[in-house]
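No value in this document is a laboratory result; all are computed from the given coordinates. Since this is a predicted model, take the numbers as computed values, not measurements. Positions of Cβ are generated from backbone atoms using ideal geometry, with glycine treated the same way; all protein chains shown enter the neighbour counts.
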Ligand code: BG6
């Protein structure tokens, strides 16, 4: 099979993007800054239209002003410092609409067709749902009713959906069913912004473009794997959304399960959306859910942040949160993967808010040496470990033993390190949304979640949530904001003589 030229950088063909929820936070902080970056980097053709649609009242002019503010605040390229802004903003338009008003989608279509005609843009259309998840299906159906879902013979029509995709397995199935009544699966692009992060993509390059790690990447050499996505921010103003979602729906069902799949999957035969996603689904289906009462108690932890002396935030006092809420803001899970590569190797996953620092890291601990020659300092001999640091300090650390200088045979572990910032300069990495929006325009779905991936992930998360809801799980525990999480999570690993690692965060000299 001829190899695709992956090194080639393709610019977007002429296209239109209709952003539903254009007056909201996502468009303000992420989408508009990403589109402007693509424009500044000459990755968009000159012919494009951005049509914002939302309930709020805006004119084209006042919408442009709002978007400009967002880009100024959150963009890599600032309108005030960039002479391309005027050009960019002349392609921004706004159409007021109520999402549940099917009739309103006809004038939207007419406006879009008019703009396409005026600007010479082919009917290549992206519809971005930056609206509350409860109305995803309705907006998709209304697009269908206005004949905007069907692919135009001279163009494409694609639907981009933000997470969360459903609130459990059943609602995700129902949402898929309704969306598929108007858009086929290959028109649907489900965003998980973690897949757009440079370093998450780099995980694949690291695994599959180097010969020395893959032979060790299995049960014969790996003792266990940890995936930590730790955040210092508390729930803040997102209380009413978060109290319904909790850490399992907000972080595990999507971001952590994606990281698990990319770490554990078999090598795909090619960098191709189908093969890549087939491998991810295969490994996700092999993950065993801790769903029996015993497994739930030993292999899952759920917790909430609570400040004992009131010096930090307490989840139950956040605006929009039920004062008796049982929603976890932290969870730790042990998964086993039932396949030949990983049988018996624990995968420990944890994520939480209001912790001591922000770090996303994957830690692979290798097995101990089979026989030790050195009997001094042996008790301290740490096995080899590889830390893959995804954010905010992107890089890799490999831990190994060396001899401490001097008499005797004392050993000490040292780190071999690689940092992106040192190797490639301090230049800001592209925003995840830049990559994902461009891929969606180009029709490359490799970094988007497919229906069966979402379902495989929900099967696991749902089993745990159901177990917790039925009272079979561990009790909710509490942790101090600004700590590294609850004692129960440390105990989960200590039961098998293991401990959590936070090597990426500490290495950079951050304060704990
Ligand atoms: C989002 C979650 O998907 O990811 C947030 O809804 C979380 O709660 C965020 O803070 C973390 O993303 P990042 O890119 O900052 O790691």
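Helix 273-286 and the long axis of the chain differ in direction by around 40°, with both axes built from C-alpha atoms. In this rough spin-label picture, where each label sits 7 Å from Cα along the Cβ direction, the residue 341-residue 400 distance is 2.4 nm. Against the chain, whose longest principal axis comes from its Cα atoms, helix 60-74 is set at around 20 degrees.
Where does helix 198-208 land angle-wise versus the long Cα axis of the chain, in degrees 0 to 90, nearest 10? Once rounded, the angle reads 60 degrees. Helical content of the chain, expressed as a calculated mean residue ellipticity at 222 nm, amounts to -9500 deg cm²/dmol (DSSP H runs of 4 or more residues, -39,500 (n - 2.57) each, divided by residue number, nearest 500). Remark: spin-label model distance residue 470-residue 87 equals 6.1 nm, labels positioned 7 Å along the Cα→Cβ axis.
For region 88-117, no residue has its backbone nitrogen under 13 Å from a point 7 Å from the Cα of residue 244, taken along Cα to Cβ. Listing 220, 152, 255 from fewest to most neighbouring C-beta atoms within 10 Å gives 220, 152, 255.
Between residue 203 and residue 110, the FRET efficiency estimated from the beta carbon spacing at R0 = 30 angstrom works out to 0.10. Subtracting the Cα-Cα distance of residue 174 and residue 80 from their residue separation scaled by 0.36 nm leaves 29.3 nm. Counting neighbouring Cβ atoms within 10 Å and putting the fewest first, the residues 128, 330 line up as 128, 330.
Length gained on full extension, residue 147 to residue 418: 92.4 nm, using 0.36 nm per residue less the C-alpha separation. Taking 8 Å as the Cα distance limit and 6 or more residues as the minimum spacing, I'd like the relative contact order of the chain as a percentage. This gives 17 percent for the chain.
Based on Cα contacts under 8 Å between residues 6+ apart, region 182-282 shows a relative contact order of 27 percent. Taking a point 7 Å from the Cα of residue 491 along the Cα-to-Cβ direction, the residues of region 289-321 with backbone N closer than 11 Å to it are 298. Per residue, the average separation of C-alpha pairs within less than 8 Å and at least 6 apart gives region 292-402 a relative contact order of 17 percent. Ordering 314-324, 207-217 by mean Cβ neighbour count within 10 Å, with the highest value first, yields 314-324, 207-217. When each of 402, 199 is scored by the number of other beta-carbon atoms lying within 10 Å, the sequence from fewest to most is 402, 199. In this simple spin-label approximation, residue 211 and residue 57 carry label points 7 Å from Cα along the Cα→Cβ vector, and these lie 6.9 nm apart. Placing a label point 7 Å from the Cα of residue 298 along the Cα-to-Cβ direction, the residues of region 333-369 with a backbone N closer than 13 Å are 334-336, 346.
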